[in-house]
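This report concerns only the one structure given below.
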Amino acid sequence: MAAARYDVIVIGAGAAGLMATAELVQAGRAVLLLEARDRIGGRIWTRFEPDLGVPLELGAEFIHGHAPLTRTLLARVGAAAVDIKESHCALRAGRPTPRADYFAKVLQAARAGGLLAGNDMSFDAFLDSVAAAGLSRSERDAARRMAQGFDAADTRRASARAIVAEWSGDTLGNTPQSRPAGGYASLLAALSPALRGARLQLQSTVRSVRWSRAAVEIAGESAAGPFRARAARAVITLPIGVLQKRPGTRGTVRFTPALEAKRAALQGLASGPVVKLLLRFGTPFWEQLQGGRFRDVSFFHAAAAPLPTFWTAVPTRAPLLVAWAGGPQARRVATGAARAQLVRSALASLQALFGRGTDVAASLQGCYYHDWQRDPYARGAYSYVTVGGSSARAALGQPLADTLFFAGEATDSADEAGTVVGALQSGLRVAREVLGAGSGA
């Protein structure tokens, strides 16, 4: 079987791979884009139901912060970013309860005395430190839940330095939070035209990558059968959960020689689990409760519930609630659980939120769910930094012998990792690195 030859082979058609491909094609490179799934987008996966009125995001949903690259791409297809008024409501049996105002205090504690300027520590250890002594028990618990839910992190392992850096950046705090109009499918539409200049192969699972300086040979299985391809350079956008798996496991890739130079970087990162369950109802029943006081609420929180966070489609009106858990709680809820069990957990959580006087299951019509932990091409939702891994993202993103180049949200070192814009930025970076290394002809 003859191996087709290209200038660059890109493995993975998620946001990073699409961005890199678009830049390389524009520069006149011959690009082969390989994707194991039957669709582009990776951990972006937008579905549409004609009678629902809002897109269903099984993966990425929000734009955190200003994200100029994301907004520029959306503008290409006439799509705006729809701002969200972050109205949070903590409920216990239907009654609003005070929500700990912990965010600014956590950041102030982190800066006090330069505690994190020295040795790194886990986020749990930081919350137990002298510097955080001014935080109440409820504020510490809220900060821990935030790190677990937002960062999908195990706070016993997660780097306090990395979390504080992220929370101090443009992702959170007094920054805009929004969604793409039409869902993240709009972003894919903005990137898709560039694929006309590339060779796209869906349902093409890469099994092996043999490489030496300026020479890459890739072998795998496609819908049409086995394939081989060669190039001077390759862009690797495999998620961190896949890179950390032992070769031979479904979805993994065997590199020859092995990626020994990436071992320390891979040890400094972890793939965070999430449960995201989209619940569709006949009516948005919560908007009618207590005289409509919850009509404009964006987020509901019930700390002790199996799935502790729910959000609505506000400002769009739709009978949809998204149930969410991240980090260790997601693992506890999802391990060994079938979809029906997750739905029961979500309904139990809603019942804890709104109290027994509301039959939360009465108008349930169905649910939408994808298990990113069991997805062999994802092995988790997104990455976080473990203790001592502050340089891991940059190290993972470093090219090897000007031949293998690495992109993906886990390689973004500008405090945008774990987000779509982080993946896009990494794709742009890696394309420029490839172009700087030469044409590969």
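What is the local net charge at Arg39, summed over the other residues whose Cβ is closer than 15 Å to its Cβ (Lys, Arg +1; Asp, Glu -1)?
Here the count lands on -1.
What ranking do 225-236, 62-73 get when scored by the average of other Cβ atoms within 10 Å per residue, highest first?
Highest to lowest by the protection proxy: 225-236, 62-73.
Roughly speaking, what is the stretch gain from Gln341 to Asp359, that is 0.36 nm per residue apart minus the C-alpha to C-alpha distance, in nm to one decimal?
So the chain would gain 4.7 nm between Gln341 and Asp359.
Taking every DSSP beta bridge that has both residues in the chain, what percent is antiparallel when rounded to the nearest 5?
Given both bridge residues lie in the chain, the antiparallel proportion sits at roughly 65 percent.
Along the stretch 38-55, what does the Karplus equation 6.51 cos²θ - 1.76 cosθ + 1.60 (θ = phi - 60°) give for ³J(HN,Hα), rounded to whole Hz, x for Gly and Pro?
With coefficients 6.51, -1.76 and 1.60, one gets 8, 8, 8, x, x, 7, 9, 8, 9, 10, 10, 10, x, 9, 9, x, 9, x Hz.
Amide H to amide H under 5 Å from Leu269: which residues, 5+ apart in sequence or cross-chain, H placed 1.01 Å off N in plane?
Thr386
Would you please calculate the Kirkwood hydrodynamic radius of the stretch 145-223 over all C-alpha pairs and express it in Å, rounded to one decimal?
So the Kirkwood estimate lands at 17.5 Å.
Gain in length, Glu287 to Asp141, computed as 0.36 nm per residue apart minus the alpha-carbon separation, to one decimal in nm?
Roughly 49.7 nm would be gained on extension.
With a 10 Å radius around each residue's Cβ, average the other Cβ atoms per peptide and rank 45-51, 267-273, highest first.
267-273, 45-51
Over the stretch 1-101, what portion of Cα pair distances is larger than 20 Å, expressed as a whole percent?
More than 20 Å apart: 61 percent of the Cα pairs in the stretch 1-101.
If each residue of separation counts as 0.36 nm, what is the full-extension length gain between Gln108 and Ala401 once their alpha-carbon separation is subtracted?
Full-extension gain reported as 101.2 nm.
222 nm [θ] for the chain, helices only, -39500 (n - 2.57) per DSSP H run of 4+, per residue, to 500?
Result for the chain: -7500 deg cm²/dmol, rounded to the nearest 500.
So how far, in whole Å, is the C-alpha centre of the stretch 390-441 from the one of the stretch 25-66?
19 Å
Quick one: net charge of Phe255's neighbours, Cβ under 10 Å, K/R +1, D/E -1?
With Lys, Arg at +1 and Asp, Glu at -1, the neighbours total +2.
Could you tell me the largest-minus-smallest coordinate of the C-alpha atoms of the chain on each of the three principal axes, in descending order and whole angstroms?
68, 55, 40
Before anything else, pin down the relative contact order of the chain: Cα pairs under 8 Å, at least 6 apart, normalised by residue count, whole percent.
Reported as a whole number, the value is 25 percent.
How would Val106, Val82, Val25 line up from fewest to most surrounding beta-carbon atoms within 10 angstrom?
The order, fewest Cβ neighbours first, is Val82, Val25, Val106.
Can you tell me what the convex hull of the Cα atoms of the stretch 176-298 projects to on average, as an area in nm²?
13.1 nm²
Would you mind checking which residues have amide H under 5 Å from Leu200's amide H? H placed 1.01 Å from N; only 5 or more apart, or other chain.
Here Leu33 satisfy the definition.
What residues qualify as long-range amide H neighbours of Ser122, i.e. H under 5 Å apart, gap of 5 or more or another chain, H built at 1.01 Å from N?
Result for Ser122 returns Ala160.
Taking Cα centroids, how far is the stretch 157-217 from the stretch 257-312 in Å?
If you average the Cα positions of each part, the centres end up 20 Å apart.
From the backbone phi of the stretch 390-399, what are the Karplus-calculated ³J(HN,Hα) couplings (6.51 cos²θ - 1.76 cosθ + 1.60, θ = phi - 60°) in whole Hz, Gly and Pro given as x?
Coupling constants for the stretch 390-399: 4, 9, 5, 5, 4, 5, 5, x, 6, x Hz.
First measure r as the distance between the Cβ atoms of Asp101 and Ala348, then evaluate 1/(1 + (r/R0)^6) with R0 = 30 Å and state the FRET efficiency to the nearest 0.05.
FRET efficiency, Asp101 to Ala348: 0.60.
If packing is taken as the average number of other Cβ atoms within 10 Å across a peptide's residues, how do 401-412, 276-287, 299-310 rank, most packed first?
Result, highest mean Cβ count within 10 Å first: 401-412, 299-310, 276-287.
Residue-wise, which Karplus ³J(HN,Hα) couplings in Hz belong to the stretch 316-327, taking 6.51 cos²θ - 1.76 cosθ + 1.60, θ = phi - 60°, and x for glycine or proline?
6, 8, 7, x, 10, 10, 9, 8, 9, 9, x, x
List the extent of the Cα atoms of the stretch 102-167 along each of their three principal axes, largest first, rounded to whole Å.
For the stretch 102-167, the Cα extents along the three principal axes come out at 28, 23, 17 Å.
PRE reach from Asn119 (point 7 Å along Cα→Cβ): which of the stretch 253-273 fall under 20 Å by backbone N?
It comes to 268-269, nothing else.
Just to confirm a number: summing +1 for Lys and Arg and -1 for Asp and Glu over residues other than Ala185 whose beta-carbon lies under 12 angstrom from that of Ala185, what do you get?
Residues near Ala185 contribute +1 overall.
Can you bin every Cα-Cα distance in the stretch 239-285 into 10 Å intervals starting at zero and give me the percent of pairs per bin, rounded to whole numbers?
Bins of 10 Å from zero give 20, 38, 16, 12, 10, 4 percent of pairs.
FYI, it's all coordinate maths here, none of it is from the lab. Note that the structure is predicted; figures quoted are calculated from it, not measured. A quick note on method: Cβ atoms are made from the backbone with ideal geometry, for glycine too, and the neighbour counts reach across all protein chains shown.
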